[in-house]
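Visitor: Below is a structure I'd like to ask you about.
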Amino acid sequence: METERYEIGMIGLGVMGRNMLLNMADHGFPVAGYVKDPSKVEALRKEAAANDIKAVANVQELIGLLRRPRAVMMLVPAGPPVDSVIGDLLPHLEKGDLIIDAGNSYFKDTNLRVRNLTEHGIQFLGVGVSGGEEGARHGPSIMPGGPKEAYERVRPLLEAVAAKVNGDPCVAYLGPGSAGHFVKTVHNGIEYALMQLLAETYDLMKRGLGMSDDQLRDVYDTWNQRELNGYLIEITSRIFGKVDERTGKRLIDELLDVAKQNGTGMWTSQSAMELQVPIPTIDLAVAMRDMSVFEKQRETAGEIFQRPIPPFGGDRGIFVEQLGHALYAGMIITYAQGMAVLAAASDKYDYCLDLATVARIWRGGCIIRAALLEDIRQAYCHQPNLPNLLLAPELSTKVLANEKDLRRVVSAAIEMSLPAPCFMTALSYFDSYRSAWLPANLIQAQRDYFGAHSYECIDVKGTFHTDWTKS
Ligand code: 6PG
């Protein structure tokens with residue numbers, strides 16, 4: 001009997017959805033996929049021949065195939081496509097069925113969907129999935145949020161398909177409502193900042209030191225063997241080695257210097273602003289993608305403000321070493337900012353996030369996986385309510401050990417007039433955060449001067465106002 005025997009239905013068989021489906025089938029789960037495009041149905045049917053996969057081109061048919069209570073996962077672009085799929089599914093579902101949105105949805109949309117679907121008696125899980133095509137196929141990091149009992153239903157499936165670190169699956173229940181999508185959004189914010197930090201190391205070595213693609217490949221590869229070890233560093237090394245089949249040249253040098261985005265980095269910055277948590281390194285990473293898009297203006301401005309990059313005066317080998325150390329400090333400071341947003345969101349939105357668990361499931365499968373995440377996990381295990389990672393002894397000693405080189409890299413960038421905004425903001429964040437005194441008393445005074453906003457004093461409680469113009 002074909003009907004009502006499939007464990008899960010998948011909607012959205014783009015690369016990610018298709019790979020997730022194949023991953024589930026590899027682990028012995030009978031899965032059914034829905035695709036509108038008949039050519040894709042055919043392709044999937046062929047690919048599925050050896051597995052327990054059924055491909056159909058009709059939503060009703062898909063639902064009829066699923067074991068009750070049903071579970072349907074969608075991997076479609078964020079925004080209206082998610083609501084459109086929900087609209088298509090609803091007439092065919094019944095109370096107790098489960099919809100899983102495994103795309104990069106905005107957490108406030110997820111909250112609305114949870115509310116609407118709960119009214120229909122349908123459970124909804126907002127699940128972040130990271131790891132790109134390869135991860136979806138062979139083991140992503142999975143960040144589920146929603147009703148705990150709904151998670152328990154699909155837990156064996158998610159644990160089976162997730163990446164494993166020492167046999168431990170990179171998936172865990174994170175919290176209610178939009179907790180999973182919020183964590184995934186911040187994951188991507190961190191991703192943006194790490195990518196921009198790496199882009200700045202590239203710029204400093206390429207334009208600053210005049211290094212070749214081969215040399216760059218080797219530097220990133222060496223870094224990846226050390227404490228900097230992580231997926232983004234590994235792929236960066238590979239990127240510099242990649243030859244374009246069309247031209248025979250390095251592909252990296254053929255690419256436009258323009259980086260687009262799907263919005264998750266921007267959402268991280270917007271959410272942090274709303275929560276009033278400073279994450280300047282992530283903000284600048286978003287801003288630098290925006291800046292990259294103004295390529296025509298940059299060209300014009302480059303002509304007006306022409307300035308040859310002064311030759312690097314120091315020892316190149318030593319500078320590359322310092323750059324690696326600065327990158328390590330920058331990475332810690334970036335994770336600290338991301339985790340601080342998660343801590344604030346957890347309080348404000350009642351997610352009850354366990355940050356040690358978040359760090360644990362980010363150690364494998366996802367784009368920001370790095371050796372450092374084990375230190376971060378341990379820091380939160382020792383102090384679950386740590387207000388900021390920079391206060392953890394495990395990490396503060398590492399930042400202190402690399403602080404001098406971070407400073408050296410920032411001043412070298414300034415001397416060479418090369419932009420390094422993420423390194424600069426990482427350093428400024430660190431300098432501000434460890435500053436027991438900040439000049440905010442002047443801001444208080446100015447606000448009170450022009451707007452009578454009142455001020456607070458060091459030694460007396462209460463708020464005060466002064467007529468600053470009275471002599
Ligand atoms: C991941 C990635 C993935 C995707 C991002 C890229 O964790 O697997 O983050 O979600 O590649 O959407 O985001 P931008 O298109 O905004 O760079």
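The values are calculated or read from the model by the stated rules, or taken from the named source; none is laboratory data. These numbers were taken from a predicted model, which means no experiment stands behind them. A quick note on method: Cβ atoms are made from the backbone with ideal geometry, for glycine too, and the neighbour counts reach across all protein chains shown. The accessibility values were calculated without ligands, DNA or RNA, using every heavy atom of the protein model including side chains. Shrake-Rupley method; radii C 1.70, N 1.55, O 1.52, S 1.80 Å.
Visitor: At 1.4 Å probe size, with no ligands or nucleic acids counted, give the accessible surface of C170 in Å², nearest ten.
Guide: Probe radius 1.4 Å; accessible area of C170 about 0 Å².
Visitor: Here's another thing I want to ask about it. Nearest 10 degrees is fine. How inclined is helix 213-224 to the longest principal axis of the chain, computing both from alpha carbons?
Guide: Value to nearest ten degrees: 80.
Visitor: Apply the a/c threshold of 1.5 to the C-alpha gyration tensor of the range 18-58 and tell me whether it is rounded, prolate or oblate. Can you show the working numbers first?
Guide: Working: a/c = 2.09, a/b = 1.78, b/c = 1.17.
In terms of gyration-tensor shape, prolate.
Visitor: What do you get when you divide the Cα radius of gyration of the chain by 2.2 N^0.38 Å, with N the number of residues?
Guide: Numbers: Rg = 24.9 Å, N = 471, 2.2 N^0.38 = 22.8 Å.
Against the empirical 2.2 N^0.38 Å value, I get 1.09 for the chain.
Visitor: Along the positive direction of the dipole of the chain (beta-carbon charges: Lys, Arg +1; Asp, Glu -1; about the Cα centre), which of H27, T222, L13 reaches farthest?
Guide: H27
Visitor: Continuing with the same structure: For W437, W267, W362, write out the residues from largest to smallest accessible area, computed with a 1.4 angstrom probe and no ligands counted. If you can, show how the numbers build up before the last one.
Guide: Details: W437 155, W267 40, W362 0 Å².
Result, largest first: W437, W267, W362.
Visitor: Using mean Cβ contacts within 10 Å as the protection proxy, how do 419-429, 190-200 order, highest first? All intermediate terms of the calculation are to be shown ahead of the outcome.
Guide: On the way: 419-429: 23.3, 190-200: 25.5.
So the order, starting with the most tightly packed, is 190-200, 419-429.
Visitor: To test your reading of the geometry: what angle, between 0 and 90 degrees and rounded to tens, separates the Cα axis of helix 179-203 from the longest principal axis of the chain?
Guide: Relative to the chain, helix 179-203 is tipped by roughly 50 degrees.
Visitor: Which order do peptides 438-447, 405-414 fall in by mean Cβ count within 10 Å, highest first?
Guide: Working: 438-447: 11.6, 405-414: 19.1.
Highest-to-lowest ranking by the protection proxy: 405-414, 438-447.
Visitor: Find out how many positive minus negative residues lie around A259, taking Lys and Arg as positive, Asp and Glu as negative, among other residues whose Cβ is under 10 Å from that of A259. Intermediate values should be presented prior to the final figure.
Guide: Numbers: positive: K260, R289; negative: D257, D290.
Once positives and negatives cancel, what remains is 0.
Visitor: Here is the link list: K164/K242; K164/K206; K164/K184. Which ones come out longer than 26 Å on Cα distance?
Guide: K164/K242; K164/K206
Visitor: Summing Lys, Arg as +1 and Asp, Glu as -1, what charge do residues with Cβ under 9 Å from the Cβ of V243 carry, V243 excluded? Mind showing how you got there, number by number?
Guide: Numbers: positive: K242, K249, R250; negative: D244, E245.
Net local charge, V243 excluded: +1.
Visitor: Over the range 122-223, calculate the relative contact order: mean separation of alpha carbon pairs under 8 Å at least 6 apart, over the residue count, as a percent. Please list the in-between numbers first.
Guide: On the way: 127 pairs, mean separation 25.0, N = 102.
For the range 122-223, the relative contact order is 25 percent.
Visitor: Let me ask you something else. Return a whole-number percent for the relative contact order of the range 46-178, with Cα pairs under 8 Å and 6 or more residues apart as the contact set.
Guide: Working: 205 pairs, mean separation 24.2, N = 133.
Relative contact order of the range 46-178: 18 percent.
Visitor: Now for a separate question. For L125, list long-range residues whose amide hydrogen, built 1.01 Å from N in the peptide plane, is under 5 Å from its own amide hydrogen.
Guide: Under 5 Å from the amide H of L125: I99, I100, D101.
Visitor: Could you please state how large a percent of the accessible area of the chain is carbon and sulfur, counting protein chains only and using a 1.4 Å probe? All intermediate terms of the calculation are to be shown ahead of the outcome.
Guide: Values: 12090 of 22060 Å².
Carbon plus sulfur share of accessible area: 55 percent.
Visitor: Convert each backbone phi in the range 327-340 into a coupling constant with the Karplus relation 6.51 cos²θ - 1.76 cosθ + 1.60 (shift: θ = phi - 60°), then list the ³J(HN,Hα) values in order as whole Hz, x for Gly and Pro.
Guide: Rounded to whole hertz, the list is 5, 4, 4, x, 5, 4, 5, 5, 4, 4, 5, x, 5, 5.
Visitor: Around G14, what is the net charge, scoring Lys/Arg as +1 and Asp/Glu as -1 over all other residues with Cβ under 12 Å from its Cβ? Could you put the intermediate results ahead of the total?
Guide: Details: positive: R18, K36, K40; negative: D37, E133.
Neighbour charge sum, excluding G14 itself: +1.
Visitor: Please list, ordered by chain and number, the residues whose modelled amide H lies under 5 Å from the amide H of R369; skip anything fewer than 5 residues away on the same chain.
Guide: Here the answer is Y231, since their amide H atoms fall under 5 Å of that of R369.
Visitor: Take every Cα pair under 8 Å in the chain that's 6+ residues apart, average their separations, divide by the length, and report that relative contact order as a whole percent.
Guide: Values: 810 pairs, mean separation 61.0, N = 471.
That works out to 13 percent.
Visitor: Where a ≥ b ≥ c are the square roots of the eigenvalues of the C-alpha gyration tensor, would you call the range 184-433 rounded, which needs a/c under 1.5, or, failing that, prolate if a/b is larger than b/c, or oblate? It would help to have the intermediate numbers written out before the result.
Guide: Numbers: a/c = 1.63, a/b = 1.51, b/c = 1.08.
Prolate, since a/c reaches 1.5 and a/b exceeds b/c.
Visitor: Ordered by packing density, taken as the mean number of other Cβ atoms within 10 Å over each peptide's residues, highest first, how do 253-261, 152-160 rank? Display every interim value, and only then the final one.
Guide: Working: 253-261: 11.1, 152-160: 17.0.
Going from most to least packed, we get 152-160, 253-261.
Visitor: Using alpha carbons only, how many degrees (0 to 90, rounded to 10) separate the axis of helix 372-382 from the longest principal axis of the chain?
Guide: Roughly 90 degrees, rounded to the nearest 10.
Visitor: Using only the heavy atoms of the protein chains and a 1.4 Å probe, how would D448, D459 rank by accessible area, largest first?
Guide: Values: D448 0, D459 135 Å².
Result, largest first: D459, D448.
Visitor: For the chain, what is the mean residue ellipticity at 222 nm derived from helices alone (per DSSP H run of n ≥ 4: -39500 (n - 2.57); sum divided by total residues; nearest 500 deg cm²/dmol)? Please report the intermediate quantities before stating the final value.
Guide: Working: 19 runs with 257 residues, N = 471.
Helix contribution divided over all residues of the chain: -17500 deg cm²/dmol.
Visitor: Amide H to amide H under 5 Å from I8: which residues, 5+ apart in sequence or cross-chain, H placed 1.01 Å off N in plane?
Guide: Amide H to amide H, under 5 Å and 5 or more residues apart or across chains, I8 pairs with A32.
Visitor: Another one. Let a ≥ b ≥ c be the square roots of the eigenvalues of the Cα gyration tensor of the range 224-297; is it rounded (a/c under 1.5), or, if not, prolate (a/b larger than b/c) or oblate?
Guide: On the way: a/c = 3.40, a/b = 1.52, b/c = 2.24.
In terms of gyration-tensor shape, oblate.
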